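Written out below as structure tokens is the structure these notes cover.
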Amino acid sequence: MTDNVLIKVENLKKHYNGGAVKALDGINCEIKKGEVVVIIGPSGSGKSTLLRSLNLLEIPSSGHIYFEDTDITAKKVNINVHRQKMGMVFQHFNLFANMTVLKNMTIAPVKLLGKSKTEAKNEALELLKRVGLEDRADAYPSQLSGGQKQRVAIVRSLAMNPDVILFDEPTSALDPEMVGEVLDVMKELAADGMTMVVVTHEMGFAREVGNRVLFMDDGKILEEGTPEQIFGNPQNPRLKDFLSKVL
Amino acid sequence: MQYLSIMADLTAFLEKLNHVFIEKDRYKQMLIGLLNTFKITAGALVVGVIIGVIIAAVRTSYDKNKESMALNKGFGYYALSIINSFCKFYLTIIRGTPVVVQLMICYFIIFANARDGIPVAIFAFGINSGAYVAEIFRAGIMSIDNGQFEAGRSLGFNYLQTMKSIIIPQMFKAVLPTLCNEFIALLKETSVAGYVGVVDITKAGNTIAGRTYNYFIPLLTVALIYLIMVMILTKLVGILERRLRKSDR
């Protein structure tokens, strides 16, 4: 395996009801360090399932996922250690409702990385400053707007200093006017060289920020290429049809 | 004239009170009864919560992990399925039979040699309450959005850490009113402890009523004492609830 491959997926399958439903039907792909890979496709195409399989929130039925040269689908692997290096941002934010913004961000670094409370707090405040939320450190999630919640969710995953962040439709639950502030944070991250895998319906983001776009349907990757290829010169009829509807 | 008659009524009432509670130090029996009711309730509460936590943990762990564990059926999978079945069996038996019957089975059959009924009562009421508390906790855990759980796991917390640091604190807040309900029910259920010879507050009141041929005063006093205890408990839980509600807007 080459050095700069961070995640490698081999013939990944996820079947429900004894194979009647094939959410993932033989996925092969690679994600390189520093790359922003955007996964697009119609709903039910398996893109979220693929993303959630990467950190084993979904347990694949068969196939392999290599993360930093470790097969995390192997039986003896302690997935918790690897998940510390794979941040995840959810469609519905999933901030811990009973904790302040600061506590949301520090609980994992303190309990899992053994950082001192002060150290974790200072790092968290620094990250909050980056996304313009340092004054909301003591707020509870219920007191934040959707866009603020998602920005906190992003810096919460950043606080673990991950090697990759998985974004599962990060702007789909937001009011239209809040989409921009979240995408701006993501663009900055990409510019800083963070490896990102993004499932999204924001074609503008895919085109502007993505290094590579995967088009999925029926649990398969039907087309893969640079944003120019995918949006400028699509080959697969399903992709052409999809783009004609969303663009 | 009217004033005098009220005075006469009051004097008669005080005399009755004196007869019922003060003569032969019968109030002491009430105090002992009150203390025993308190002991049984507090003991059963602790036993019930411990049992409840364990069973709710087993049942939710089984429900949440059976899919992933079924993939590589190891020892843990079989152990958890067996324990889970046992928990279900326990819930069925305990919730399917009256607590008085369970109490008498404990005292006259299982611990037939016991001389003191209080530990047996604590055991029986604890086992009984545990079944209800388990279901309350389980419902509470299930009511927490799965996204909270996934967020915890995606940060790298293992199953137990996620439960302990993220799910349980939220669950506790959600179930507090229902849990308070169960504690109130438990407190009042202990009034059947007299069946196994324990002098609780109800038994004490009943005994005094029988001795003095006066049912009105002792039984109403017993009712009043339960009422006051329940009101205090409700108040305390209310305070706790307000404190925990800090994170809601």
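Simple point charges give the picture: +1 on the Cβ of Lys and Arg, -1 on the Cβ of Asp and Glu, and for the protein assembly as shown a dipole about the Cα centre of about 1620 debye. Our estimate of slack between A:Val81 and A:Asn122, defined as 0.36 nm per intervening residue step minus the Cα-Cα distance, is 12.4 nm. Could you point to the residue in B:Ile167, B:Val133, B:Ala185 farthest towards the positive end of region B:113-197's charge dipole, with +1 and -1 charges on the Cβ of Lys/Arg and Asp/Glu respectively? The residue sitting most towards the positive pole is B:Ile167. Each peptide in B:79-92, A:185-198, A:18-31, B:36-49 was scored by the mean count of other Cβ atoms within 10 Å over its residues; highest first, the order is B:36-49, A:185-198, A:18-31, B:79-92.
Carbon-plus-sulfur accessible fraction, chain A (probe radius 1.4 Å, protein heavy atoms only): 45%. For the residues of A:75-85, the average number of beta carbons from a partner chain within 10 Å of their own beta carbon is 3. Applying a length cut-off of 30 Å (Cα extent along the axis) and a mean Kyte-Doolittle floor of 0.0 to the DSSP H helices of chain B leaves B:26-71, B:75-96, B:117-143, B:216-244. The long axis of helix A:237-246 is offset from the longest Cα principal axis of chain A by roughly 40 degrees.
Using a 1.4 Å probe over protein heavy atoms, the accessible area lost on pairing B with A, summed over both chains, comes to approximately 2300 Å². Within 10 Å of the Cβ of each residue in B:156-167, the mean number of Cβ atoms contributed by other protein chains is 4. Here chain B yields Rg over Rh of 1.12, to two decimals, using C-alpha coordinates and the Kirkwood radius.
Carbon-plus-sulfur fraction of the accessible area of chain B, 1.4 Å probe, in percent? That share works out to 68 percent. Under 13 Å of direct C-alpha separation, and excluding same-chain neighbours fewer than eight residues apart, A:Lys111 reaches these aspartates and glutamates: A:Glu119. Only lysines eight or more places from B:Lys16 in sequence, or on another chain, were considered; those with a Cα closer than 29 Å are B:Lys24, B:Lys28, B:Lys188, B:Lys203. Report note on the peptides B:7-13, A:124-130, A:33-39: ranked by the mean count of other C-beta atoms within 10 Å, highest first, their order is A:33-39, A:124-130, B:7-13. By a straight-distance test (C-alpha under 25 Å), which lysines pair with B:Lys66 as possible cross-link partners, with residues fewer than eight away in the same chain excluded? Cross-link targets: A:Lys13, A:Lys14, A:Lys22, A:Lys47, A:Lys75, A:Lys76, B:Lys88, B:Lys164.
Remark: the protein assembly as shown carries 49 Å² of accessible area per residue (probe radius 1.4 Å; ligands, DNA and RNA excluded). Averaged over peptide A:94-103, the number of partner chain Cβ atoms lying within 10 Å of each residue's Cβ comes to 5.
The values are calculated or read from the model by the stated rules, or taken from the named source; none is laboratory data. Just so we're clear, the structure is a prediction, and the values are computed from it rather than from any experiment. For neighbour counting, all protein chains shown are included, and Cβ atoms are generated from backbone atoms with ideal geometry for every residue, glycine included. Areas reflect the complete protein model, heavy atoms only, side chains present, ligands, DNA and RNA absent. Shrake-Rupley method; radii C 1.70, N 1.55, O 1.52, S 1.80 Å.
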